[in-house]
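All remarks here apply to the structure that follows.
The values are calculated or read from the model by the stated rules, or taken from the named source; none is laboratory data. What you are looking at is a predicted structure, and each value in this text was computed from that prediction instead of being measured. Glycine gets a Cβ as well: all are built from the backbone with ideal geometry, and neighbour counts include every protein chain shown.
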Amino acid sequence: MGVIDERISGLEELAQQLRVDAVRVSAQAGSGHPTSSMSAADLMAGLLEGHLHYDFAHPHRAGNDRLVFSKGHASPLLYAMLRAVGAIDEEHLMTYRRLGSDLEGHPTPRLPWVDVATGSLGQGLPIGVGMALGARLGGSPARVWVLCGDGELAEGSMWEAFAAAADLGLGNLCAIVDVNRLGQRGPTRYEWDTTAYATRIGCFGWHTVEIDGHDPAAIDQALAAAEEEHSRPTAIIARTRKGKGVAAAEDKEGLHGKPLQESEKAVVELGGVRSAHVEVSPPRSTEPRQRGERSQLHLPSYPVGTMAATRDGFGEALMAVGEADPDVVVVDGEVADSTRTAAFAEAFPNRFVECYIAEQQMIGTAVGLRTQGWVPYAATFAAFLTRAHDFLRMAAISGTDLRIVGSHAGVSIGRDGPSQMGLEDLAMMRALWRSVVLYPCDANQAAHLTATMADVPGISYLRTTRGETPVIYRSDETFPVGGSKTLLSSPHDRLAIVAAGVTVPEALSAAERLLKDGVPVRVIDAYSVKPLDAAAVRQAAADTGRILTVEDHRPVGGLGDAVLDAVAGRIPDVRFKKLAVHGMPGSAGPAEQLAAAGIDAAAIAHAAQRLLA
């Protein structure tokens, strides 16, 4: 047997080992996706044997290639690969899907060899774009390999990724598309028509290669061709058979997400259990990424009593943060003029990524950049972040540190109307695991919180306002996460108003009106909506017996609910009322909008009087 024939035989044996292990772990767990794993086994065997450059002993080494299972349900295949390279042993492998095991049903970074959580289909490739871009920005020769399913190509986020990768010229990115014809309930849109996929992907500017996904020689050649491509991304479109190698399962419908019924017979049919070890090629470089030195931060300053928009405070502070920290990058959703990230783009064009009107890709890019050690800020209108909520949810599962900025929040934006008004964003962001939600009321506060976000773990969200608001804080004040500012207080306060953002100056105006009527009230600026300053809110509730919250947001899930959560069941006999946007806004001026929504100074004063009655 010649050297080539011997290598091909070895690849076939490795693929069978991966299939056997996928069958075994799914049978042991009583659940899983063995058939989806079996279709891609030849592809991953070919990648492991000669094309993946990775040090499994040092998974976070900068020069390592990256492998993303966008079809995360094929996790049995990934775990079988980890056993084949010696990263985990047989005992560890067989803990698949057990309580406490890091071999979860879909991969998460609880495993050091997994960079991001996958399983919500259509996310691996958008994140891979960010990874490939991050590697290139850092001067790394690493490549990014993304295993995709044909079913997930129905997701619009995949096509956002195809467009972005080609536009960015990411020659270090390769999508391996496992075209096994069958989805969850039946055939996929184009079944085995690989040319249909190749034509569409090719139109986006990708180098495409169609192959038989069970031909080791063809797989090897396609992977080599991807490595030789440097100016554009490559898509290997492989025709495969779901359940490959087991007659009772191969290309059969109705088996998605189920262990094989006669798993022991299937293992025998596949040639039995094997324990071959694969020596993966080392990284092309072991040098750490060269990082620039941090310098002193100089934030902008706005005089007290002047007017300025919090989005301006954010934009100018972002410039300062970028100047002080060369790892900071900004990802935009084609609204840089409005969010005020345009100045950063002009000053640091190499660290500004334009994703255009593709919010899912914007968040995917940010997640991918973070895996490469960058510090990403992603900004768009608060309303448009709802499109990317699933990406944010998965980023939270990944434990990713992200800085998200939503501008044009609430009815206060004015005449653009409800389609542009972020009215659900506080609820959306508060619900995320390990998230921080910040809502500044003036430009100095916004600037400080922008800088603070750079070092906050998890997903931090800054909500900014379109219009100008009064500057009430000096530039040297501090605003810790989890804090608040009590702006008015006396021993005789009869009620506490808790506000944030644009409603803070309205609350202060309402307090002046109430004081003229002989009613002293406390005003708390709850700029940290999550975590809330529960101690200050509870003290106010205990002191006054009445809490009134006011927010430019829907009544569900926002500031009012955060305050209610802090007080309910802890402070007895507290009267509570929430002011929020209940109706459907139309087009009107900012002041008219606040009045119509019942959250301006007059409405706050009226609500306070009713609460006191």
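Let me confirm something: among Thr108, Thr118, which residue is surrounded by fewer than 22 Cβ atoms within 10 Å (Cβ to Cβ) and either in the same structural domain as Asp212 (by TED's automatic domain parsing) or not acidic (Asp, Glu) (or both)? Spell out how you get there, then give the answer.
Working: Thr118 fails: surrounded by fewer than 22 Cβ atoms within 10 Å (Cβ to Cβ).
Only one candidate qualifies: Thr108.
Go over the candidates Val504, Val529, Val523 one by one and state the one that is in a strand (DSSP E or B), within 34 Å of the chain's Cα centre (by Cα) and in the same structural domain as Lys578 (by TED's automatic domain parsing).
On the way: Val504 fails: in a strand (DSSP E or B); Val523 fails: within 34 Å of the chain's Cα centre (by Cα).
Going through Val504, Val529, Val523 in turn, the sole match is Val529.
For the stretch 91-105, name all the residues that are touching a residue at least 12 places away in the same chain (Cβ under 8 Å) and either outside the structural domain of Ser157 (by TED's automatic domain parsing) or at negative phi (or both).
Step one: filter the stretch 91-105 for residues touching a residue at least 12 places away in the same chain (Cβ under 8 Å), giving 93-94, 96-98, 103-105.
Answer for the stretch 91-105, where residues must be touching a residue at least 12 places away in the same chain (Cβ under 8 Å) and either outside the structural domain of Ser157 (by TED's automatic domain parsing) or at negative phi (or both): Leu93, Met94, Tyr96, Arg98, Leu103, Glu104, Gly105.
If you scan the stretch 132-152, which residues turn out to be within 30 Å of Arg189 (Cα to Cα), in a helix (DSSP H, G or I) and more than 19 Å from the chain's Cα centre (by Cα)?
Gly151 - this is the single residue of the stretch 132-152 that is within 30 Å of Arg189 (Cα to Cα), in a helix (DSSP H, G or I) and more than 19 Å from the chain's Cα centre (by Cα).
If you take the residues in the stretch 167-222 that are under 29 Å from the mean Cα position of the chain (by Cα) and part of a helix (DSSP H, G or I), which one is nearest to Asp150 (Cα to Cα)?
Tyr197
Checking the structure you have, find out if any residue of the stretch 225-247 is assigned to a loop (DSSP other than H, G, I, E, B), in contact (Cβ under 8 Å) with a residue 12 or more places away in the chain, acidic (Asp, Glu) and crowded, with 16+ Cβ neighbours inside 10 Å. So that I can check it myself, show each step before the final result.
Taking the stretch 225-247 first, the residues assigned to a loop (DSSP other than H, G, I, E, B) are 229-233, 240-247.
Subset that is in contact (Cβ under 8 Å) with a residue 12 or more places away in the chain: 229-233, 240-247.
Right, trim to acidic (Asp, Glu) and you get 229.
Now narrow it down to the ones that are crowded, with 16+ Cβ neighbours inside 10 Å: 229.
The answer is yes, given that some residue of the stretch 225-247 is assigned to a loop (DSSP other than H, G, I, E, B), in contact (Cβ under 8 Å) with a residue 12 or more places away in the chain, acidic (Asp, Glu) and crowded, with 16+ Cβ neighbours inside 10 Å.
So, in the stretch 459-505, exactly how many residues are surrounded by 19 or more Cβ atoms within 10 Å (Cβ to Cβ) and hydroxyl-bearing (Ser, Thr, Tyr)?
Qualifying residue count for the region: 8.
Would you confirm, using the coordinates I've provided, whether Ala499 is small (Gly, Ala, Ser) and touching a strand residue (DSSP E or B) at 6+ places or on another chain (Cβ under 8 Å)? Walk me through how you get there before you give the answer.
Numbers: small (Gly, Ala, Ser): yes; touching a strand residue (DSSP E or B) at 6+ places or on another chain (Cβ under 8 Å): yes.
Against the criterion (small (Gly, Ala, Ser) and touching a strand residue (DSSP E or B) at 6+ places or on another chain (Cβ under 8 Å)), Ala499 qualifies.
Mind checking which strands (runs of 3 or more DSSP E) fall wholly inside the stretch 347-446 and carry at least 1 residues that are more than 14 Å from the chain's Cα centre (by Cα), assigned by TED's automatic domain parsing to the domain that holds Thr464 and surrounded by fewer than 23 Cβ atoms within 10 Å (Cβ to Cβ)?
The strands (runs of 3 or more DSSP E) meeting that bar are 352-354.
Modelled with pLDDT of 95 or more, part of a loop (DSSP other than H, G, I, E, B) and either more than 20 Å from Asp312 (Cα to Cα) or touching a Phe, Trp or Tyr at 6+ places or on another chain (Cβ under 9 Å) (or both): is that true of Ser490 in this structure?
Working: modelled with pLDDT of 95 or more: yes; part of a loop (DSSP other than H, G, I, E, B): yes; either more than 20 Å from Asp312 (Cα to Cα) or touching a Phe, Trp or Tyr at 6+ places or on another chain (Cβ under 9 Å) (or both): yes.
The answer is yes for Ser490.
Taking the stated definitions as given, is Gly560 in a loop (DSSP other than H, G, I, E, B) and either modelled with pLDDT of 95 or more or surrounded by fewer than 24 Cβ atoms within 10 Å (Cβ to Cβ) (or both)?
Values: in a loop (DSSP other than H, G, I, E, B): no; either modelled with pLDDT of 95 or more or surrounded by fewer than 24 Cβ atoms within 10 Å (Cβ to Cβ) (or both): yes.
Against the criterion (in a loop (DSSP other than H, G, I, E, B) and either modelled with pLDDT of 95 or more or surrounded by fewer than 24 Cβ atoms within 10 Å (Cβ to Cβ) (or both)), Gly560 does not qualify.
Which residues, counting only those in the stretch 36-67, are closer than 17 Å to Ile237 by Cβ, touching a Ser or Thr at 6+ places or on another chain (Cβ under 7 Å) and either surrounded by fewer than 22 Cβ atoms within 10 Å (Cβ to Cβ) or not polar (S, T, N, Q) (or both)?
The one that is closer than 17 Å to Ile237 by Cβ, touching a Ser or Thr at 6+ places or on another chain (Cβ under 7 Å) and either surrounded by fewer than 22 Cβ atoms within 10 Å (Cβ to Cβ) or not polar (S, T, N, Q) (or both): Ala40.
Look at Gly305 and say whether it is small (Gly, Ala, Ser) and either surrounded by 12 or more Cβ atoms within 10 Å (Cβ to Cβ) or not in a loop (DSSP other than H, G, I, E, B) (or both).
Answer is no for this residue.
Looking at Asp552, Asp573, can you tell me which residue is in a loop (DSSP other than H, G, I, E, B) and either in the same structural domain as Ala383 (by TED's automatic domain parsing) or buried (at least 24 other Cβ atoms within 10 Å of the Cβ) (or both)?
That would be Asp552, the only listed residue that is in a loop (DSSP other than H, G, I, E, B) and either in the same structural domain as Ala383 (by TED's automatic domain parsing) or buried (at least 24 other Cβ atoms within 10 Å of the Cβ) (or both).
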